[in-house]
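What follows is a single structure, written as structure tokens, with notes after it.
The values are calculated or read from the model by the stated rules, or taken from the named source; none is laboratory data. Just so you know, these numbers come straight off a predicted model, no measurement behind them. Quick reminder, even Gly has a Cβ in these numbers, built from the backbone with ideal geometry, and neighbours come from all protein chains shown.
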Amino acid sequence: MKKLCLLPLTLLLFFLEKAFSQDCKNCYYFQAGKEITFIKYDKNGKNIGKDVSTVADVVAAGSSIRSTFHTKKFEGSGKLKEEGVAKVDCDNGFLKIGFQLPDTEDTASNDTYFTYPVSMKTGQELQAKAEVQIKTSTNGKKVELYMKVENRKVMGIEKVNTPSGNYDAVKIGYDMNTRFKIRGSGIPMKLKVYEWYSAGVGLVKFESYNKDGELQETAVLGSVK
């Protein structure tokens, strides 16, 4: 009886792996003019704002397609907090999403993108490292921000419920080390970040935890219109 029970599970995993190998060209990142909204919550579930992105400059060439992803970050009050831009590529089904970078005086980066292969399996190690260093100014004060991503790995496949719909998604986890420097004083921070990627759609959820494992922030896909 145990052997008979294994067959449906094996078939289910087979079809799920097929589902997660869809072409990334269908993701919302490449739908020109679309507006994508992520709703953000703090550790207590309180709405603390939203990120609203628009897709522009979609260019296709052979098996590749590229777009520019413009994002505006709003506080819970509706006040605009900051703006950023990222490049997104899909090449033969291989998705690359760049860091959201502001227009700054000086930005240095090294492989500043997240990669999503055509197919992903539990335990698979993804792009190992990504680093970015930003120098800018806020209220007349010079600010430096350093971010480094390590240990990206596929955690499994989960169902995710969001205001925009329900998705079967690949859960990916990674470590993010950040350091803020204002007037020479550095503020380090270590985070554990999880993201959920749905094939043919894009990212649908994020969670970040502090070094003690406490939830800090959640963002879920609110709408694509």
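Between a first residue in segment 152-166 that is under 16 Å from Thr37 (Cα atoms) and a second residue that is polar (S, T, N, Q) and surrounded by 13 or more Cβ atoms within 10 Å (Cβ to Cβ), which pairs have beta carbons less than 6 Å apart while being 6 or more apart in sequence or on different chains?
Every condition considered, the pairs that remain are Ser164/Ser223.
From the set of residues in segment 206-218 that are part of a strand (DSSP E or B) and not hydroxyl-bearing (Ser, Thr, Tyr), which is nearest to Asp23 (Cα to Cα)?
Top of the filtered list is Phe206.
So Asp103 ticks every box in (1) surrounded by 14 or more Cβ atoms within 10 Å (Cβ to Cβ); (2) at pLDDT below 95 but one. Which box is left unticked?
For Asp103, the failing item is (1).
Suppose we filter segment 34-65 for residues that are assigned to a strand (DSSP E or B), among the small types (Gly, Ala, Ser) and within 15 Å of Glu207 (Cα to Cα); how many remain? Quick ask: steps written out before the conclusion?
So in segment 34-65, the residues assigned to a strand (DSSP E or B) come out as 35-42, 47-61, 64-65.
From the residues that got through so far, the ones that are among the small types (Gly, Ala, Ser) too are 49, 53, 56, 60-61, 64.
Narrowing further to those that are within 15 Å of Glu207 (Cα to Cα): 49.
So the answer is 1.
Only one residue in Val52, Val58 is at pLDDT 90 or above, surrounded by 11 or more Cβ atoms within 10 Å (Cβ to Cβ) and either basic (Lys, Arg) or closer than 27 Å to Lys192 by Cα (or both), so which one is that?
Val52
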